[in-house]
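These notes are about the structure you will find just below.
The values are calculated or read from the model by the stated rules, or taken from the named source; none is laboratory data. Here the structure is a predicted model, which means the values were calculated and not measured. Every residue, glycine among them, receives a Cβ derived from its backbone with ideal geometry; neighbour counts consider all protein chains shown. When the accessible area is computed, the model is the full protein with side chains, heavy atoms only, and any ligands, DNA or RNA have been set aside. Shrake-Rupley method; radii C 1.70, N 1.55, O 1.52, S 1.80 Å.
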Amino acid sequence: MKSFDGLMAVVTGGGTGMGAELVVQLAAQGCSVATCDVNPETLAETAKRAAEDAPAGVRITTHLCDVADAAQVARFRDDVVNEHETDHINLLFNNAGIGGGGSFLTGKAEEWDRVFGIDWGGVYNCSRAFVPLLVASTDGYLVNTSSVNGFWASLGPGNPHTAYSAAKFAVKGFSEALIEDFRVNAPHVKVAVVMPGHIGTDIISNSRRVLGGAEPDEMTADDLAEARVQMGRRGMPADGMSDDQIRGMMKMLQEGFKSMAPVSAAQAATIILDAVKAGKWRVLVGDDAHRLDEVVRGNPEGIYDEGGINLISVMQQDS
Ligand SMILES: NC(=O)c1ccc[n+]([C@@H]2O[C@H](COP(=O)([O-])OP(=O)(O)OC[C@H]3O[C@@H](n4cnc5c(N)ncnc54)[C@H](O)[C@@H]3O)[C@@H](O)[C@H]2O)c1
């Protein structure tokens, strides 16, 4: 696939972050796009931005759909077929995802299941619904977003990260297994697994919203207690902080995750789209992802040892 001009793409989680940038860049390159999200406001914003840059003839449609719900995904697929008057799509970006579900032992089972249901179930549901439309094309590409947590199931010492990692490993395994499945059964369709490092997006606040968590200013006593535990695990002296200081710190973490990232969402989308044009199946995004990949491959037995990998220092090394 050397160009996206005249093609048809589906992008999940197109409201913000990498999904929104994929929609905008695909549209600018002449590709019609159907995108879904659970947030109607951000979806509308993405559609507006995409339309501004799109050449004539490009169609952008937005769809409210929770990718964890197979019935909603089936409706989304039917709406795409009807609204774009098409019997095929060329590209499916399974991008929607949230963080959470840290501890399997002490966290809420509902949160764990919701994270796994979106991050793995969403990829599964959308693949079930849309892969037949990729196969119906003459040139198709399935692009599944995993994470560096798809090859390293940790955030570093003291921070269990079970639901997200389990889901992202599943996405990576599924994508790699599909390479042969497509080669045998639909050789005109390719698959890629995307493994971003730290990308500047609103994933922290979006995840909190999807999981029903309170905004920092509206945190209850229970929320504040939980935040103190989480911050303590990250080595912050949360016990001595007032409630307002905790709220301020939560806002700073949220904003800092976006503003301090080494790679922006727009840069990540460009890396992903260039990889698709180059026919790649394994897409690491960011120098931090490349470094972590090397570290994990260099010493697979040691990566979960106490002090085995210091994520912050891997992320912060000069490239
Ligand atoms: N930002 C990072 O550092 C990073 C790193 C590695 C992997 N990722 C992965 O990249 C993907 C995109 O994340 P992002 O960082 O751009 O975050 P983001 O929060 O900006 O974008 C994700 C979008 O998915 C939507 N979404 C969430 N749950 C949904 C659901 N059930 N159904 C439909 N849409 C839903 C959100 O509303 C949001 O618009 C995710 O799969 C994430 O796990 C992100």
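Among the residues of the stretch 214-258, just one is surrounded by 17 or more Cβ atoms within 10 Å (Cβ to Cβ), under 27 Å from the mean Cα position of the chain (by Cα) and in a loop (DSSP other than H, G, I, E, B), namely Met219.
Checking each residue in the stretch 48-73 for being under 29 Å from Ser205 (Cβ atoms), small (Gly, Ala, Ser) and more than 19 Å from the chain's Cα centre (by Cα) picks out Ala50, Ala51, Ala54, Ala71.
Is it the case that the stretch 266-273 has a residue that's among the hydroxyl-bearing types (Ser, Thr, Tyr) and open to solvent by less than 60 Å² (accessible area, probe 1.4 Å)? Yes, the stretch 266-273 has at least one match. Given the criterion outside any helix (DSSP H, G or I), modelled with pLDDT of 95 or more and of a type in the set (A, V, I, L, M), identify the matching residue among Ala266, Ala261. Answer to the check: Ala261.
Scanning the stretch 96-120 for residues that are near the ligand (Cβ under 10 Å from one of its atoms) and either at pLDDT below 95 or in a helix (DSSP H, G or I) (or both) yields Arg114, Val115, Gly117, Ile118, Asp119.
Does the stretch 189-213 hold any residues that are more than 6 Å from the ligand (Cβ to nearest atom), in a helix (DSSP H, G or I) and in contact with a Phe, Trp or Tyr (Cβ under 8 Å, 6 or more places away or on another chain), and which are they? Break it down stepwise before answering.
First pass over the stretch 189-213, keeping only residues more than 6 Å from the ligand (Cβ to nearest atom): 189-195, 197, 200, 204-205, 207-209, 211-213.
Those still in the list that are in a helix (DSSP H, G or I) too: 204-205, 207-209.
The one that is more than 6 Å from the ligand (Cβ to nearest atom), in a helix (DSSP H, G or I) and in contact with a Phe, Trp or Tyr (Cβ under 8 Å, 6 or more places away or on another chain): Ile204.
Please go through the stretch 48-57 and give me each residue that is in contact with a helix residue (DSSP H, G or I) (Cβ under 9 Å, 6 or more places away or on another chain), open to solvent by 30 Å² or more (accessible area, probe 1.4 Å) and part of a loop (DSSP other than H, G, I, E, B), ordered by number.
Of everything in the stretch 48-57, just one residue is in contact with a helix residue (DSSP H, G or I) (Cβ under 9 Å, 6 or more places away or on another chain), open to solvent by 30 Å² or more (accessible area, probe 1.4 Å) and part of a loop (DSSP other than H, G, I, E, B), namely Pro55.
Taking the condition of being over 30 Å from Ser3 (Cα atoms) and small (Gly, Ala, Ser), how many residues in the stretch 138-172 meet it? Number satisfying all stated conditions: 8. Scanning the stretch 224-262 for residues that are among the charged types (D, E, K, R) and farther than 18 Å from Gly213 by Cα yields Arg233, Arg234, Asp239, Lys258. Filtering the stretch 279-319 to residues that are open to solvent by 90 Å² or more (accessible area, probe 1.4 Å), within 28 Å of Val191 (Cβ to Cβ) and charged (D, E, K, R) leaves Lys280, Glu294, Arg297. Of all residues in the stretch 111-140, none that is within 19 Å of Ser207 (Cβ to Cβ) and among the basic types (Lys, Arg) has its Cβ atom under 8 Å from the Cβ atom of a residue that is open to solvent by less than 10 Å² (accessible area, probe 1.4 Å) and at pLDDT below 95, 6 or more apart or on another chain. Note on the stretch 1-33: among residues that are touching a Phe, Trp or Tyr at 6+ places or on another chain (Cβ under 8 Å) and of a type in the set (Gly, Ala, Ser), the one that is nearest to Ile272 (Cα to Cα) is Gly19. Per this entry, Arg282 is not counted among residues that are farther than 30 Å from Leu7 by Cβ and at pLDDT 95 or above.
The set of residues in the stretch 4-37 being open to solvent by 30 Å² or more (accessible area, probe 1.4 Å), in a loop (DSSP other than H, G, I, E, B) and more than 13 Å from the ligand (Cβ to nearest atom) consists of Asp5, Gly6, Leu7, Gln29.
Would you be able to tell me the number of residues in the stretch 38-82 that are among the charged types (D, E, K, R) and more than 12 Å from the ligand (Cβ to nearest atom)?
We begin by selecting, within the stretch 38-82, every residue among the charged types (D, E, K, R); these are 41, 45, 48-49, 52-53, 59, 66, 69, 75, 77-79.
If we keep only those that are more than 12 Å from the ligand (Cβ to nearest atom) as well, we get 48-49, 52-53, 59, 75, 77-79.
Number satisfying all stated conditions: 9.
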